[in-house]
Structures are given as structure tokens and as C-alpha cells.
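To keep things clear, I will list the structure first and then write my remarks on it.
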Amino acid sequence: MIKADMHVHSKYSHESNMELEQITELFLEKGIHYVGIADSVDLERENIEDVIERFQIRNAKIDQLNEKYEGKITLLKSAEIGEPYLYQEEIKRLDELDFDYTVGVIRPFSGGDKVKLTTGERTTKEYYQKILKMIEAGNVDVIRHLDLIDAYFGKDYSALKQISEVMHALNDSHQSLEISPFIRKKTIEFYPSIQKLCFYRLKCEDARVIIGSDTHRPEELPKNLDDIEYACTEIGLVPGIYQKRKFERI
Ligand SMILES: [Zn+2]
């Protein structure tokens, strides 16, 4: 399988200091062929003009590096956008930039339309309702995570109906699901969980996924991408990358 990590942050995200060239070298060393640079966009806090300027500068730098490393490794242009269904107009403007794909996320810890992260049925249902709104808005290519409540508080099956609605919505949409490693309590897992990925496979004719580590620092470089690839094959998921807003199977 062609190796890809479709979710890495660079210094063009507030929470990372990694230079694009450093990322390129680190992933080249790991034998990765495609690296998706998914820098964060927080439209609750940032002005759209500033976001556009930041990404224009970054995308030009990515073009230069792709030329320099041609035939060895390719950087893909992405953005991770919080609560994208709230920002239809802003995202139309971002779509004018030459992104390869965009990733949507519901962030329980920050963002305008916060899900308060507490245990309990209501929070879980609220979280999946927001995921559903994000899929139905259809203005990003990839749906991230799907499992934040479980990741922090353990399994919660109370929202099975909402999760089922999410799977049906994904089947009707053009979007893909992201699978990400998540390191907690010394165990290495990945999210969405195997159960949810099997559910996704059952409900979606074309169960497309991208694999992304959400790396912010060199020490966070993914260690279990092979395990995720193995799970994809066994479950029958369709892993891929995006180039110029088109999904390509890998
Ligand atoms: Zn991220």
C-alpha cells in the first residue's frame, strides 16, 4: 500500500512549531509517500482575511517543497476546520484556494458551538447531532474523529440511534472518514473504534477512509499506521488520499 499520513500540523497552526521542510524530511525518513498538511482554522477567533493570507503563504511554500522533493515525497494542502457547518460563506472563500482537501472537526474543548465535555447521555447525543450537521452541510471533504466522547470517557452506547444516522448520512454524502491513532493510558488505540468502523462498513457501500496522525511535534510521529492499514484491509474499508479535491484509492 502507498503510505500516507493525511493529518499533520505545521507552524501555520497555532499549536505547532514544525517547519514544512522539517516535516518533509521526517516523513521521508519514515518511508511515507504523501503527507497531508492539515493546519487548523478557527473561524470563531480568526478573521477570514487573515486565514486566507496565512494559507496563501503556506500553500506557496508547499509548492516549492513539492518541486524540490519531486519523485520522493508529496505534501498535500489541507486545513482542519472547526464546526464548518457554522461558516458556509467563509468556507466558500477558502475553497477558492488550491486545497487538495479539507477536514471538518467538532471540537468539544473550544470553538463557537461548543459541546460541553461532561459524561452523560445528553452530551454524547449533542456531539453526534453536531457531527450530523457537519456531514449534511457537506462543505468539507473529510469527517474527523467521530469518537471524541468515547476517547475521553470510555464507551457510550446511549447514542446508537444518532451514530446510525451519522452512518446513513455518510453513505449519502461524498465525504470520507478519518482514522487517527490516539494514545491514552499507555495503550495505543485508534479512533473511530473498530466497532464504529465495522458499523461504517456495514452501512456505507463505499466506506472511504483517510489515515491521519494529527502530529504536532516530532515526538508525536505516528507509530501504529501499519496497524490501522491492517484494520482497513480486514474490515474492507477503502483507504485513500485526496489530490485536488478528488479521492484516490491507495
Ligand atoms: Zn489536527
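The values are calculated or read from the model by the stated rules, or taken from the named source; none is laboratory data. Just so it is clear, the model here is predicted, and its values are computed rather than measured. Cβ: placed from backbone, ideal geometry, glycine included. Neighbour counts: every protein chain shown.
Let's see how each residue does on (1) in contact with a Leu (Cβ under 6 Å, 6 or more places away or on another chain); (2) crowded, with 20+ Cβ neighbours inside 10 Å; (3) over 25 Å from LYS244 (Cβ atoms):
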site	(1), (2), (3)
LYS133	no, no, yes
ASP150	no, yes, yes
ALA159	no, yes, yes
ASN171	no, no, no
ILE228	no, yes, no
Please work out which one of (1) closer than 19 Å to ASP42 by Cα; (2) modelled with pLDDT of 95 or more; (3) over 19 Å from the mean Cα position of the chain (by Cα); (4) of a type outside the set (Phe, Trp, Tyr) is the condition THR102 fails and give its number. (3)
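Table: residues versus (1) under 18 Å from GLU219 (Cβ atoms); (2) surrounded by fewer than 15 Cβ atoms within 10 Å (Cβ to Cβ); (3) charged (D, E, K, R); (4) within 16 Å of the ligand (Cβ to nearest atom).
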| position | (1), (2), (3), (4) |
| --- | --- |
| HIS7 | yes, no, no, yes |
| TYR12 | no, no, no, yes |
| GLU15 | yes, yes, yes, yes |
| GLN22 | yes, yes, no, no |
| GLU29 | yes, yes, yes, no |
| HIS33 | no, no, no, no |
| GLY36 | no, no, no, yes |
| PHE55 | no, no, no, yes |
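When region 62-89 is examined, which residues are found to be in a helix (DSSP H, G or I), away from the ligand (no atom under 16 Å from the Cβ) and either more than 21 Å from LYS30 (Cβ to Cβ) or of a type in the set (Ser, Thr, Tyr) (or both)? It would help to see each step written out before you state the result.
In the first step, residues of region 62-89 are kept if they are in a helix (DSSP H, G or I); the result is 62-68, 84-86, 88-89.
Filter again for away from the ligand (no atom under 16 Å from the Cβ), leaving 62-68, 85-86, 88-89.
Once the filter is applied, which keeps residues that are in a helix (DSSP H, G or I), away from the ligand (no atom under 16 Å from the Cβ) and either more than 21 Å from LYS30 (Cβ to Cβ) or of a type in the set (Ser, Thr, Tyr) (or both), region 62-89 yields ASP63, GLN64, GLU67, TYR85, LEU86, GLN88, GLU89.
In the set ARG144, ARG217, ARG245, which member is loosely packed, with under 13 Cβ neighbours inside 10 Å and either within 15 Å of the chain's Cα centre (by Cα) or within 16 Å of the ligand (Cβ to nearest atom) (or both)?
Details: ARG144 fails: loosely packed, with under 13 Cβ neighbours inside 10 Å; ARG245 fails: loosely packed, with under 13 Cβ neighbours inside 10 Å.
Exactly one of ARG144, ARG217, ARG245 is loosely packed, with under 13 Cβ neighbours inside 10 Å and either within 15 Å of the chain's Cα centre (by Cα) or within 16 Å of the ligand (Cβ to nearest atom) (or both), namely ARG217.
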Just a yes or no: is a residue in region 176-183 touching an Asp or Glu at 6+ places or on another chain (Cβ under 6 Å) and farther than 28 Å from LYS92 by Cβ? yes
Taking PHE199 and the conditions (1) modelled with pLDDT of 90 or more; (2) aromatic (Phe, Trp, Tyr); (3) within 16 Å of the ligand (Cβ to nearest atom); (4) within 20 Å of ALA151 (Cβ to Cβ), which numbered condition does it fall short on, given that it satisfies the others? (3)
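Would you check which residues across region 90-107 are part of a loop (DSSP other than H, G, I, E, B) and either within 16 Å of the ligand (Cβ to nearest atom) or within 13 Å of ILE135 (Cα to Cα) (or both) and list them? If you could, list the steps in order and put the result at the bottom.
From region 90-107, those part of a loop (DSSP other than H, G, I, E, B) are 95-100, 106-107; that's our starting set.
Hits for region 90-107 are PHE99, ASP100, ILE106, ARG107.
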Enumeration of residues in region 60-86 that are more than 28 Å from GLU136 (Cα to Cα), surrounded by 14 or more Cβ atoms within 10 Å (Cβ to Cβ) and of a type outside the set (D, E, K, R): ILE62, LEU65, ASN66, TYR69, ILE73, THR74, LEU75
Report yes if some residue within region 41-49 is within 13 Å of the ligand (Cβ to nearest atom), surrounded by 20 or more Cβ atoms within 10 Å (Cβ to Cβ) and closer than 22 Å to PRO239 by Cα; otherwise report no. no
